[in-house]
Amino acid sequence: MCASMESTLLSTIDFYGFINRKEISSMMLRLHFNQTSLPPATFFLMGIPGLEETHLWLAALLSTMCTMVLVGNSLIMTVIWVDPALHEPMYYFLCVLACVDIIMATSVTPKMLSVFWSGNGIIGFTACFTQMYIVHTATVVESGLLLAMAFDRYVAICKPLHYNVILTPWKILGINVATVARATIGLTPLSWMVSHLPYCSSHAVPHSYCEHMAVANLVCADHTLSNLYTLLGSSAVVGMDVTFISASYSLILQAVFNLSSKNARHKALSTCGSHVGVMTLFYLPGLISVYVDSWGEDMLPVHTQVLLADLYLVIPPTLNPLIYGLRPKKICQGVWNTMATSLLCHHCVNSKKERREFVTVDIRPTREI
């Protein structure tokens, strides 16, 4: 059976000269299931069910966004590390946020690209749950960092004279450690519960990465506890963080409206508006995905649910370097200074090398004489 399916797969590719993505993915899925014994050693990621014909376009878009994530966030981390003028609390938080964005994006995009480009959605049991743990931990860490950055802006604008007293280096380190610890401790029980459930039904995950709800729906036992843990945990984390973020920006806006300068008010409102926009793109799709999976799977088509879950992992890491990083004048100046220094050093090295070569060429005939 498996041999005949493999020959059919190869003949389909050879006869038509190209891969029929939907048909080949279906064949690979059937072949994988026929070769897999229980308990399952692997899952099969289906990508975005119902949108198989657009997978190549999505792969091109995802590749572009992933490149922007890597370049933009790496540049911000480098500039903050190199420039002593940027060694301030706000930029420390931004540096950690850039690192988390890179981890979040790279934990899912390689496999998503493999699914979209070639239809190869096979992923190992351990790899799947490792990806799930990293993705959900990174999202909780990012939520905590957005709260920390909102608090930083509140102190800087509303209590500028006490800024260096309130946000000392040790307190900044403590906030970052607490943010990571909250995510790690909160997600460990969930990962343990999901990974120890019996997966004895279909191994096809109707998603482009190992999202918790999509994987948990494959078990042949009661997984109400893990779903309830996810629902309550997400609601508690997002509810608490969004409440404090909203309170911080409300106090910031009150202070901004008391400014006498219209330009200062316009600048502050523009900055706050862009921050709120990025936060909305981060929180809203994730919450919709969680609540729809828990209560109303028929409210939205499957491909819409998967797209929403994909968006909140890819779009915020792409926009964060532009909104939080390149808009502040200090970072823009630091980027230009770093690039100018690199180009100048490269030019100096090349000039010295050319000068040495010229001297060597000029001296050799003299020695011969």
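The values are calculated or read from the model by the stated rules, or taken from the named source; none is laboratory data. Source: prediction; values computed, not measured. Positions of Cβ are backbone-derived with ideal geometry, glycine not excepted, and every protein chain shown enters the neighbour counts. These accessible areas exclude ligands, DNA and RNA; they are computed on the full protein's heavy atoms, side chains included. Shrake-Rupley method; radii C 1.70, N 1.55, O 1.52, S 1.80 Å.
Conditions (1) at pLDDT 90 or above; (2) farther than 15 Å from A309 by Cβ; (3) under 17 Å from the mean Cα position of the chain (by Cα), marked per residue:
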| position | (1), (2), (3) |
| --- | --- |
| A98 | yes, yes, yes |
| M104 | yes, no, yes |
| G119 | no, yes, no |
| I122 | no, yes, no |
| H136 | yes, no, yes |
| V141 | yes, yes, yes |
| G144 | yes, yes, yes |
| A148 | yes, yes, no |
| F151 | yes, yes, no |
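Looking across D101, D83, one residue alone is within 20 Å of V278 (Cα to Cα) and charged (D, E, K, R). It is D101. So is I157 open to solvent by 20 Å² or more (accessible area, probe 1.4 Å) and closer than 16 Å to M132 by Cα or not? No; evaluated as a whole, the condition is false for this residue. Taking the criterion of being of a type in the set (A, V, I, L, M) and surrounded by fewer than 20 Cβ atoms within 10 Å (Cβ to Cβ), the residues of region 160-174 that qualify are L161, V165, I166, I172, L173. Of the candidates P49, P84, the single residue that is modelled with pLDDT of 80 or more and closer than 30 Å to M149 by Cβ is P84.
Would region 245-265 turn up any residue that is open to solvent by less than 50 Å² (accessible area, probe 1.4 Å) and either farther than 30 Å from Y154 by Cα or in contact with a Ser or Thr (Cβ under 6 Å, 6 or more places away or on another chain) (or both)? Looking for residues that are open to solvent by less than 50 Å² (accessible area, probe 1.4 Å) and either farther than 30 Å from Y154 by Cα or in contact with a Ser or Thr (Cβ under 6 Å, 6 or more places away or on another chain) (or both), one finds none in region 245-265, hence no.
Counting only residues that are out of contact with any helix residue (DSSP H, G or I) (no Cβ under 7 Å at 6 or more places or on another chain) and either within 30 Å of L94 (Cα to Cα) or at pLDDT 85 or above (or both), region 17-45 holds 0 of them.
For beta carbons closer than 7 Å, sequence separation of 6+ or different chains, a first residue in region 116-133 that is farther than 17 Å from A59 by Cα and a second that is among the polar types (S, T, N, Q) and in a helix (DSSP H, G or I), the qualifying pairs are F129/S191; F129/S195; Q131/S107; M132/S191; Y133/S191. Against the numbered list (1) modelled with pLDDT of 90 or more; (2) touching a strand residue (DSSP E or B) at 6+ places or on another chain (Cβ under 7 Å), A183 comes up short only at (2).
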